[in-house]
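J.: This is the structure, below, for whatever I ask next.
Derivation of every value follows stated rules applied to the coordinates shown; laboratory data play no part. Quantities reported herein were computed from a predicted structural model and do not represent experimental measurements. FYI the Cβ positions are ideal-geometry reconstructions off the backbone, even for glycines, and counts take in every protein chain you see.
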Amino acid sequence: MGNSSRDKNVLNVRGIKKSFGGVEVLHGVDLNATAGRVVALLGENGAGKSTLVKIISGDYEPDSGEITIGDQTFTKLSPISAADLGIRMIYQEINDAGTLTVAENIFLGRLISKNGFVQWKKMRQEAKRILEELEVDINPNALMSSLRVGERQVIEIARALSHSANLLVLDEPTAALSGDEVDRLFEFIDRLREKGTAMIYITHRLDELRRVADDVVVLRDGNLVLTGDAKEIDRSQLVEAMVGSKLDAVGRPPIRERDLDLEPVIRMNCLSSSAAFKNVNLNVFPGEVVALYGKVGSGISEVAEAAFGLQRPSSGELEIQGNSPAKSPRGAIAKGVGLLPADRKREAAFLGLSSGKNLVAPYWSGVLGGNFWVNSKKERSSFERWREALRIRVSPSGAEQSISFLSGGNQQKVLLARWLNAGSQVLILLEPTRGVDVGARQEIYAVIRELADEGVAILISTSDYEEVVQVADRAVVMSGGLMTRELAYDEVSVLALTDASGG
Amino acid sequence: MNIKDQGVVPAVKDEVSVAPPSTGNGPRRQLPEAFALVVVLGALVIFFTVTSPVFFTTNNMLNMLTSIAVIGIMAVPGTILLVAGQVDLSVASAAAMCGMVTATLAESLGLGMGIFVGLAVGLLVGIINGFFVTVIGVNSLIVTLAGLATFFGIGQLIGDGQTVLVQGFRDLGTSRPFLNIPMPVIIFVLALIAGFIVLKYTVFGRQVYAIGANPVAARLVGIPSRRVIFIAFALSGLAASLAGLILVSQLGAASPNNARGYELLVVTAIVLGGASLSGGRGTIIGTFLGLMIIQVLSTGLTLLNVQSFWQSVATGILLLIAVSSDRLRERLSPLG
């Protein structure tokens, strides 16, 4: 375990610059990590956090700058040299051997052995000792797969610390944890702090900062924009540092007059779905765009999916167009609901098929009118119609070409057009502009607004606050499976969104 | 995201590595595939024509088509299944078993009844396969592998392991109703045409391609994946029984060893013809070319008096080449 005396500087990184393919992503960044202190590293996606951290762990080499560990200085590190110097990374995704025991996992890759034979007893005793020192109450003989996520993470940290660790880097460690587990992790981090371990804690969640961090470092667009004391710094200072001037630059769409006599198309009342979300109240009326905003894991996707018949709610009321919801995608589509999944490649696009075929795919379900024979002419004319309407950038023979040849933005347009072509009156869009370039993004937002003008009800689930600001009439914010706030038209702003979602 | 694919389990779904889309060079790959097959077939035909005087004769052509007809009839629904990401390895054993059923019943209940029940058993085989794959959710490779062993065993049980002679059942397999073309060839060609039309011009065909290309997305656009795959397996079982009956008619007898090993040739032909083991790709024309390549190679080698054992080696090597080129194609393609 880290032997460093208090306040000793463990890591000092200065003037780090890094470019990829001619584009500079880090413009001279500094960072310090001290024994017995937690420094939180904040920043939006693309700010440079993971690049910086990968340079520290040796996965990348910086173009310039210096890295000082203890009393040695380097211009670059490799994964092996970083590990030798005691730098330990804990990634978001848990990578352990589920079928092996806790003790074996702690010593994964460095089993205690003599002459090629594993010394099981000694290993178990060592594991027990390590766990006791960290005051972790887990049986070293338990199978990893029997542990809960939070416990597995703790074991992973125990493994990292069990052999001459100087610096622990935690990447969004609470992303997959529930409330109790988060508290236990924080207590564990407190103990590590007392033992003098230096830690870098990467997070999105502003709420956690005060509880767990001593120092804060904020990156924006590859620059270091703020350092300070986590206990003293103001939340809005942090948001402003992370988001910058964009706070005011992102415009709101024009206010929409809603016909108050209409019934909601999606009505959720105290809706819960066992593990994913609880007590959600949500109404979506025809002709409006409602955004569900929250971080990954907040429950926004599951709530949206419930409206499409993909999540079976465990309690509460759910009505789609005044009736009980469909129990399957087929049922939902028959009722005029369309769903655009978040993972385009895995769940939405038929990459081996042409764009034209991708567009008309819902008509193969059989629930939109019984067809037996394919109507190629109709396929082509449908594609033409939407290619024009959505300005899909594709070559003249585009309808026949595989959709994989299109850019992300154009693919997304085709997939969106899929539901427009099917005449959906209710659209559920999950992360609609993920992986889409800026230009196509604006065009897609314009289409969404137009659809709402024509009376379509649109529910968007997104973790992109700019998207909410630019396209939604109103927003519902979720965190940890619960609704935290409902924002009316004039209440929607980046600050309000990040406040309510806990980061 | 919690969308789980509650549809059917594809036969062989490997991890396809992600390659970034190319700079939109268009369908440059679609034409060359069938083209390459035609070239290979052409080269083989030329080679054997030159080395054997008997090769390029009408008689030989008809013989080759007749030989491949039985396998070919099973390869049509086999193609549909593979495009949907499934495989049916039980076809050969089912064919033999159905032949045994027909032959045995023909003795006691008459030929007509025997044929009817034989075909019904084939349909039942398909339904059973379909049930285990779509309802129970077992991988089709495993289900039909189990079927392969089981149906072979049943075929042996039916006749006590003996061959059963059948009288008066020569027409199906040996008659030449028109233009001197053998009946099996006519049936084969009809099956090819039907398969071609289904895959290319029907919504069912589109559903099959979609399910193979992306089972999750297929479910999310409302395609009834389980139903489609179930139907495909039923068709495969029926085709197997038809093939088995043709064999019995050709040989004049049913044996549990009929069609032994044909499933290998069926899969080889389909993959050689351009179908991908992970589904979403494949055509009837490709399968036909694959079948012809196999048959030309086999017949050619025979005419050159090459030992028949070499033909097994050749088949094995062909399958390896077919699957390897499928994998290479996937890795080099811009498909994500």
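J.: Apply the Karplus curve 6.51 cos²θ - 1.76 cosθ + 1.60, θ = phi - 60°, to the phi angles in region A:471-481 and return the couplings in whole Hz, x for Gly and Pro.
T.: After applying 6.51 cos²θ - 1.76 cosθ + 1.60, I find 10, 8, 6, 8, 9, 10, 9, 10, 8, x, x Hz.
J.: Rg and Dmax of region A:282-426, using alpha carbons, in Å: what are they?
T.: 16.2, 51
J.: Which FRET efficiency, nearest 0.05, do B:LEU320 and A:ARG211 yield, Cβ-Cβ r, R0 56 Å?
T.: So, using R0 = 56 Å, E works out to roughly 0.40.
J.: Here's another thing I want to ask about it. So, in nm, how far is label A:SER19 from label A:SER315 when the simple model puts each one 7 Å beyond its Cα toward the Cβ?
T.: Distance between label points: 6.0 nm.
J.: Here's something else I'd like to know. Taking beta carbons within 10 Å but only from partner chains, what does the mean come to for residues A:305-312?
T.: That average works out to 2.
J.: Report for chain A the percent antiparallel among DSSP-assigned beta bridges with both residues inside it, nearest 5.
T.: 55
J.: On to the next question. Under a plain spin-label model, where a point goes 7 Å from the Cα along Cα-to-Cβ, how far apart in nm are A:VAL296 and A:TRP373?
T.: Going by the 7 Å Cα→Cβ label model, 4.9 nm.
J.: May I pose another question? With the dipole of region A:321-464 worked out from charges on the C-beta (+1 for Lys and Arg, -1 for Asp and Glu) around the Cα centre, which of A:SER381, A:TRP364, A:TYR445 lies farthest toward the positive end?
T.: A:TRP364
J.: Let me ask something else. Place a +1 charge on the Cβ of each Lys and Arg in the protein assembly as shown and a -1 charge on the Cβ of each Asp and Glu, then give the dipole magnitude about the Cα centre in debye, rounded to the nearest 20.
T.: Roughly 2320 debye, rounded to the nearest 20.
J.: Let me ask something additional. Within the P(r) computed for region B:214-336, what percentage of the Cα pairs occupies the region above 17 Å?
T.: 69
J.: Magnitude of the Cβ-charge dipole of region A:48-189, K/R +1 and D/E -1, about the Cα centre, nearest 20 debye?
T.: The dipole magnitude comes to about 700 debye.
J.: Compute the Cα gyration tensor for region B:122-269, then decide on rounded, prolate or oblate, letting a ≥ b ≥ c be the square roots of its eigenvalues: rounded whenever a/c is under 1.5, prolate when a/b is larger than b/c in the other cases, and oblate in all that remain.
T.: In terms of gyration-tensor shape, oblate.
J.: To continue, here is another question. At a threshold of 8 angstrom on Cα-Cα distance, excluding pairs fewer than six apart, so keeping six or more, what relative contact order does chain A reach in percent?
T.: So the answer I get is 15 percent.
J.: Run through region B:138-247 and list the trypsin sites (Lys or Arg not before Pro) located in a DSSP loop whose Cβ has at most 16 other Cβ atoms within 10 Å.
T.: B:ARG170
J.: Read phi for every residue in region A:102-109 and hand back ³J(HN,Hα) as whole Hz from Karplus 6.51 cos²θ - 1.76 cosθ + 1.60, θ = phi - 60°, with x for Gly and Pro.
T.: Values, residue by residue: 4, 4, 4, 5, 4, 9, 4, x Hz.
J.: Quick check on the exposure proxy: order A:SER424, B:SER325 from fewest to most C-beta atoms within 10 angstrom.
T.: Listed from fewest to most nearby Cβ atoms, that is B:SER325, A:SER424.
J.: Quick check on chain A: take the gyration tensor over C-alpha atoms, sort the square-rooted eigenvalues as a ≥ b ≥ c, and tell me if it's rounded (a/c under 1.5), prolate or oblate.
T.: Here chain A falls in the prolate category.
J.: Arrange the peptides B:264-271, A:306-313 so that the one whose residues have, on average, the most other Cβ atoms within 10 Å appears first.
T.: Final packing ranking: B:264-271, A:306-313.
J.: Going by how many other Cβ atoms sit within 10 Å of their own, how do B:LEU245, B:LEU62 line up, fewest first?
T.: Ascending Cβ contact count within 10 Å gives the list B:LEU62, B:LEU245.
J.: Using alpha carbons only, what's the Rg to Rh ratio of region A:103-167 with Rh from Kirkwood?
T.: In region A:103-167, Rg relative to Rh is 0.96.
J.: Moving on. Size of region A:283-322 along its principal axes in angstrom, Cα-based, largest extent first?
T.: Principal extents (largest minus smallest coordinate, Cα): 28, 25, 15 Å.
J.: Still on this structure, please answer the following. Any idea which of B:TYR262, B:GLY279, B:SER225 is furthest toward the positive side of the dipole for region B:222-329, if Lys and Arg beta-carbons carry +1 and Asp and Glu beta-carbons -1?
T.: B:SER225
J.: Now a separate question. Would you mind counting up the charge near A:ASN421? Only other residues with Cβ under 14 Å from its Cβ, with Lys and Arg at +1 and Asp and Glu at -1.
T.: Summing Lys/Arg as +1 and Asp/Glu as -1 gives +4.
J.: Here's another thing I want to ask about it. In terms of Cα to Cα distance under 21 Å, which lysines are near enough to B:LYS200, apart from those fewer than 8 places away along the same chain?
T.: Reachable lysines: A:LYS357, A:LYS377, A:LYS378.
J.: How big is the Kirkwood radius of the protein assembly as shown, worked out from every pair of different alpha carbons and given in Å to one decimal?
T.: Answer for the protein assembly as shown: a Kirkwood hydrodynamic radius of 30.9 Å.
J.: Between A:ALA389 and A:ASP183, what is the label-to-label distance in nm when each label sits 7 Å out along the Cα-to-Cβ direction?
T.: Modelled inter-label distance: 5.2 nm.
J.: Using the Karplus curve 6.51 cos²θ - 1.76 cosθ + 1.60 with θ = phi - 60°, what ³J(HN,Hα) values do you get for each residue of region A:358-371, in whole Hz, with x for Gly and Pro?
T.: After applying 6.51 cos²θ - 1.76 cosθ + 1.60, I find 4, 5, 8, 3, x, 6, 7, 6, x, 9, 10, x, x, 10 Hz.
J.: In addition: Between rounded, prolate and oblate, where does chain B land on the alpha carbon gyration tensor, with a ≥ b ≥ c its root eigenvalues, rounded for a/c under 1.5, else prolate if a/b exceeds b/c?
T.: oblate
J.: Could the peptides A:231-243, A:156-168 be put in order, highest first, of the mean number of other beta-carbon atoms found within 10 Å of their residues?
T.: Highest-to-lowest ranking by the protection proxy: A:156-168, A:231-243.
J.: Which residues does a label at A:ARG434 reach in region A:182-210, if reach means a backbone N under 19 Å from a point 7 Å past the Cα toward the Cβ?
T.: Counting only backbone N, you get A:204-205.
J.: Check region A:1-123 and count each lysine pair with an alpha-carbon distance under 25 angstrom, considering only pairs eight or more places apart or from different chains.
T.: 12
J.: Suppose a student asked you for the relative contact order of region A:452-503, using Cα pairs under 8 Å spaced at least 6 residues apart; what percent would you report?
T.: Once divided by the residue count of region A:452-503, the mean separation gives 31 percent.
J.: On to the next question. Could you pull the Cα extents of region A:398-490 along its three principal axes, largest to smallest, in whole Å?
T.: Taking the Cα atoms of region A:398-490, the three principal extents are 46, 26, 23 Å.
J.: A further question follows. Amide H to amide H under 5 Å from A:SER479: which residues, 5+ apart in sequence or cross-chain, H placed 1.01 Å off N in plane?
T.: Answer set, sorted by chain and number: A:THR484.
J.: Which ordering of A:SER461, A:SER274 is given by a fewest-first count of other beta-carbon atoms within 10 Å?
T.: The fewest-first ordering by Cβ neighbours comes to A:SER274, A:SER461.
J.: Now, a different point. Using 5 Å bins from zero, what percent of all Cα-Cα pairs in region A:160-292 falls into each bin?
T.: Answer for region A:160-292: a P(r) of 2, 7, 12, 14, 13, 12, 12, 11, 8, 5, 3, 1, 1, 0 percent.
J.: Taking H as built 1.01 Å from N, whose amide H comes closer than 5 Å to the amide H of B:LEU89, not counting residues under 5 places away?
T.: For B:LEU89, whose amide H was placed from the backbone, the distant partners under 5 Å are B:THR144, B:LEU145.
J.: Also, I was wondering about something else. If you count, for every residue in A:365-375, the Cβ atoms of partner chains within 10 Å of its Cβ, what is the mean?
T.: 4
J.: Tell me, what is the percent relative contact order of chain B, built from C-alpha pairs under 8 Å that lie six or more residues apart?
T.: Worked out over chain B, it gives 33 percent.
J.: Quick query: amide H of A:LEU292 versus all other amide H atoms, modeled in the peptide plane; which residues come in under 5 Å with a sequence gap of 5 or more or a different chain?
T.: Placed amide hydrogens put A:ILE460, A:SER461, A:THR462, A:VAL476 under 5 Å from A:LEU292.
J.: Looking at A:GLY408, A:ALA97, A:LEU161, which one has the Cα that reaches farthest to the positive end of the dipole of chain A (charges on Cβ: Lys, Arg +1; Asp, Glu -1)?
T.: A:ALA97
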